[in-house]
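Student: Questions regarding the structure given below will be posed in turn.
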Amino acid sequence: MGSLKNKRDAEKNSALQKETKIKKEQKVFNISSRPPMYDQDAVQPMRDELIAVGFKELLTADDVDKALNVKDDKTVLVMINSVCGCAAGSARPGVSLALQNDIIPDKLYTGFAGQERDAVDRIRQYIKGYPPSSPSVALFKNGELIYFMRRLDIEGYSAEYIAKTLKEVFNQFCSGKGPSITPEQFAEVQYAKQCGSKIPLFQRK
């Protein structure tokens, strides 16, 4: 049974990776959008780190509107990802750890600053009252911003501190069932990061 389950997980992982690659390639050749600032292959592991814990990518401004301009009483978490050191050392691992909480947002999305530039610009239009900030983490409900973690709230803080802060926010505002992926899957993601291996991409529970 164990080997069969592992085979099925591997097949799902492979299919998700192919889907992500196709979306990335479609974005690259979308001539109506501004070109990315960074090499796509170089930033892919930074994307995978969030996809692996249940995030979906927002690749266009239209994607953003469909995700955020919704009034369904669901909470929506959006992380603006980036190439900077505090994203790698604090933001991505902190957000990932926070999503192991028993209560989490209903929907998880991410946009990459400098890559999907039109999409990130549209995300920032929904983050009213704040200047552009990346990395950053925003929580929305019914299209309205209800919490925002700026870069200055991330830079210089540990991943554990970020996770603790976000868990408190989730407990206050959210009602989605956590964790986003199982503890066993989360451990696999952590191990892959530490070893520099290909990050397995799991679908949200």
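The values are calculated or read from the model by the stated rules, or taken from the named source; none is laboratory data. Note that this is a predicted model, so its numbers are computed, not measured. Virtual Cβ from ideal backbone geometry, glycine too; neighbours counted across all protein chains shown.
Student: Kindly provide the set of residues from the range 149-199 that are part of a loop (DSSP other than H, G, I, E, B), modelled with pLDDT under 95 and surrounded by fewer than 20 Cβ atoms within 10 Å (Cβ to Cβ), ordered by number.
Tutor: Result: Gly196, Ser197, Lys198.
Student: For residues that are part of a strand (DSSP E or B) and either in contact with a Phe, Trp or Tyr (Cβ under 8 Å, 6 or more places away or on another chain) or of a type in the set (Phe, Trp, Tyr) (or both), scanning just the range 81-117, find the one that is farthest from Asp48 (Cα to Cα).
Tutor: Per the stated criteria, the residue is Ile103.
Student: Do you know which of the residues in the range 53-96 that are charged (D, E, K, R) and farther than 15 Å from Val120 by Cα is surrounded by the most Cβ atoms within 10 Å (Cβ to Cβ)?
Tutor: Arg92
Student: Quick one: how many residues across the range 146-173 are in contact with a Leu (Cβ under 8 Å, 6 or more places away or on another chain) and more than 24 Å from Val83 (Cα to Cα)?
Tutor: 3
Student: Answer yes or no as to whether Ile123 is closer than 25 Å to Glu188 by Cα and over 12 Å from the mean Cα position of the chain (by Cα).
Tutor: no
Student: Tell me, please, whether a residue that is in contact (Cβ under 8 Å) with a residue 60 or more places away in the chain, part of a strand (DSSP E or B) and not hydrophobic (A, V, I, L, M, F, W, C) can be found in the range 118-126.
Tutor: For the range 118-126, residues in contact (Cβ under 8 Å) with a residue 60 or more places away in the chain, part of a strand (DSSP E or B) and not hydrophobic (A, V, I, L, M, F, W, C): absent.
Student: Right, something else. I'd like to know if the range 129-137 contains one or more residues that are touching a residue at least 12 places away in the same chain (Cβ under 8 Å) and not in a loop (DSSP other than H, G, I, E, B).
Tutor: There is at least one residue in the range 129-137 that is touching a residue at least 12 places away in the same chain (Cβ under 8 Å) and not in a loop (DSSP other than H, G, I, E, B).
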